[in-house]
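Undergrad: Before I ask anything, here is the structure I am working with.
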């Protein structure tokens, strides 16, 4: 028998959970369906536990910077408290009862299982079928992309999940993929004494970021003892008492564990999107500026292809909620989408890179400042590597992108995000007062370099 409800939310990651909770609080009858853990990747295997790992590794790195600046130090890494904190404080040992209770406390109804669209406004989960009066919201997220490398599928490779769940560290780790997740985990593991090698098919780590930021991060990784192999493709993998990975030039790399971190993908076929006239082979569930994916159908989060970030999912959730409730509000605007890679040094970025701006036909001007050359960078000394890069539209006199790589780079970029989002004239930025001595004062130096 089909049950009538106001809204069905398929997938309760951060975006889906936000939508379900807000609509339930607004008085709608809401069913939220999730096959894994309520809250999704971020609180259990992504943002939160990985940053706990990074925080612990950064503490070790800071202690090692004491000699020559503040005396002497001796550092003995211990993974046990890190693993315990992830289990006890972040994930409740991967139990989502708190999140389920939170949703139900707002008036939502929770169903554990894998949902599938079976027609406009209709969803099945197990032997239950629901039909919606207002609409369906899809927030089903993504899964790790596993490349078709010969032999890989038959091995016990890791994804980010196994890397975060590890109670004990391997002696050595191969990391396939030099993007944000790969380099973050690589550095955290290396700082606890693991011998790490990163393999990236493109010509630099963090290939979606500015080359200047990639260079800063690669130098930092190498200083932590990490071996970097760029422009290298894996062609085969074997596992027997460890991993052996063969590259396209014939080199063989070995490690106790292999972390596959080459990106993420959607699985629209599993969701049954063909039943509502959408392409199950698409790389994302396309949405308009109101998060509408079709008639009485909305989508939020990673599945929309607008960036695999918690802050994007939460932003989209707010828009979808307003649209479903018939409330006024601005449409989606991704011009000033911020992102942070939590390496040490951090890479904060917003808007377009220089290459993206040029590809978009923007008349580009670029300004660059080196973090060690700022007064704060000079004071900071050990661990002061970094760069601030501004990308300006010369015709309009505004910033269209910016990068802040360095200590607290993810915090420094906040002011730059305001400048890009608000289209603040560059001349106005030039005449701001920048606090001294701060890392963000490097923005003033980069503005001068625009000339």
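Undergrad: Calculate the length of the line joining the C-alpha centroid of segment 326-400 to that of segment 83-149, in whole Å.
TA: Answer, in whole Å: 35.
Undergrad: Next up: First obtain the Kirkwood hydrodynamic radius of segment 1-116 from its Cα pairs, then insert it into the Stokes-Einstein equation at 25 °C and 0.890 mPa s, and state the resulting D in µm² per second as a whole number.
TA: Translational diffusion coefficient: 148 µm²/s.
Undergrad: Starting from the Cα-Cα distance between residue 436 and residue 230, subtract it from 0.36 nm times their residue separation and give me the gain in nm to one decimal.
TA: Fully extending the segment from residue 436 to residue 230 adds 70.3 nm.
Undergrad: Give me the mean projected area, in nm² to one decimal, of the convex hull enclosing the Cα positions of segment 152-262.
TA: Dividing the Cα hull surface by four gives the mean projection, 6.4 nm².
Undergrad: Another one. Calculate, for residue 248 and residue 359, the FRET efficiency according to 1/(1 + (r/R0)^6) with r their C-beta to C-beta distance and R0 22 Å; round to the nearest 0.05.
TA: The calculated FRET efficiency here is 0.20.
Undergrad: Given R₀ = 60 Å, FRET efficiency for residue 26-residue 427 by Cβ-Cβ distance, to 0.05?
TA: 0.85
Undergrad: Hey, another quick one. Relative to the longest principal axis of the chain, what angle (0 to 90°, nearest 10) does the C-alpha long axis of helix 310-325 take?
TA: 30
Undergrad: While we're looking at this one, here's another question. Distance from the Cα centre of segment 183-203 to that of segment 40-67, in angstrom?
TA: 14
Undergrad: Need one word for segment 179-326: rounded, prolate or oblate. Basis is the Cα gyration tensor (sqrt eigenvalues a ≥ b ≥ c); a/c below 1.5 gives rounded, then a/b vs b/c decides.
TA: In terms of gyration-tensor shape, prolate.
Undergrad: Apply the a/c threshold of 1.5 to the C-alpha gyration tensor of segment 218-279 and tell me whether it is rounded, prolate or oblate.
TA: Because a/c hits 1.5 or more and a/b exceeds b/c, segment 218-279 counts as prolate.
Undergrad: While we're looking at this one, here's another question. Calculate, in nm to one decimal, what residue 59 and residue 281 gain on full extension: separation in residues at 0.36 nm each, minus their alpha carbon distance.
TA: Taking residue 59 through residue 281 to full extension adds about 75.5 nm, to one decimal.
Undergrad: Another question, then. If we sort 105-116, 134-145 on the protection proxy, mean other Cβ atoms within 10 Å, highest first, what's the order?
TA: 134-145, 105-116
Undergrad: Right, next: Compute the length gained on full extension between residue 76 and residue 335: take 0.36 nm times their separation in residues and subtract their Cα-Cα distance, giving the result in nm to one decimal.
TA: Net length gain for the segment: 88.8 nm.
Undergrad: By how many degrees, 0 to 90 and rounded to 10, does the Cα axis of helix 409-421 deviate from the longest principal axis of the chain?
TA: Rounded to the nearest ten degrees, it is 60.
Undergrad: Measure nothing fancy, just the Cα-based angle from helix 14-25's long axis to the longest principal axis of the chain, in degrees from 0 to 90, nearest 10.
TA: Its long axis makes an angle of about 50 degrees.
Undergrad: Still on this structure, please answer the following. Can you tell me what share of the DSSP beta bridges in the chain is antiparallel? A percent to the nearest 5 is fine.
TA: So the antiparallel bridges in the chain amount to around 55 percent.
Undergrad: Still on this structure, please answer the following. Cβ neighbours within 10 Å, averaged per peptide: list 289-296, 276-283 in order, most packed at the top.
TA: Packing order, densest peptide first, comes out as 289-296, 276-283.
Undergrad: Right, another one. Bins of 10 Å, beginning at zero and ending with the bin holding the largest distance: percent of Cα pairs per bin for segment 114-202, please.
TA: 12, 33, 20, 18, 15, 2
Undergrad: Could you state, as a whole-number percent, how many of the C-alpha pairs of the chain are farther apart than 31 Å?
TA: The proportion of pairs with Cα distances above 31 Å equals 48 percent.
Undergrad: Which peptide among 57-66, 200-209 comes first, and what is the full order, when sorted by highest mean count of other Cβ atoms within 10 Å?
TA: Most protected by this proxy first, the peptides run 200-209, 57-66.
Undergrad: Restricting to DSSP H runs of at least four residues, report the calculated mean residue ellipticity at 222 nm for the chain, -39500 (n - 2.57) per run over all residues, nearest 500 deg cm²/dmol.
TA: Computed mean residue ellipticity for the chain: -9000 deg cm²/dmol.
Undergrad: Follow-up. Which of the three applies to segment 284-336, rounded, prolate or oblate, going by the alpha-carbon gyration tensor with a ≥ b ≥ c and a/c under 1.5 meaning rounded?
TA: oblate
Undergrad: Still on this structure, please answer the following. Indicate, rounded to the nearest 5 percent, the antiparallel portion of the DSSP beta bridges found entirely in segment 152-262.
TA: Restricted to segment 152-262, the bridges split so that about 40 percent are antiparallel.
Undergrad: Follow-up question, since we're still on this one. May I have the pair-distance distribution P(r) for segment 338-449, computed from all Cα-Cα distances with 5 Å bins from 0 and rounded to whole percent?
TA: Going out from 0 Å in 5 Å bins, segment 338-449 shows 2, 14, 24, 26, 18, 10, 4, 1, 0 percent.
Computed from the coordinates by the stated procedures, all read-outs in this text should not be read as laboratory data. Not measured: the values here are computed from a predicted model. Please note: Cβ atoms are built from the backbone with ideal geometry, for glycine as well, and neighbour counts cover all protein chains shown.
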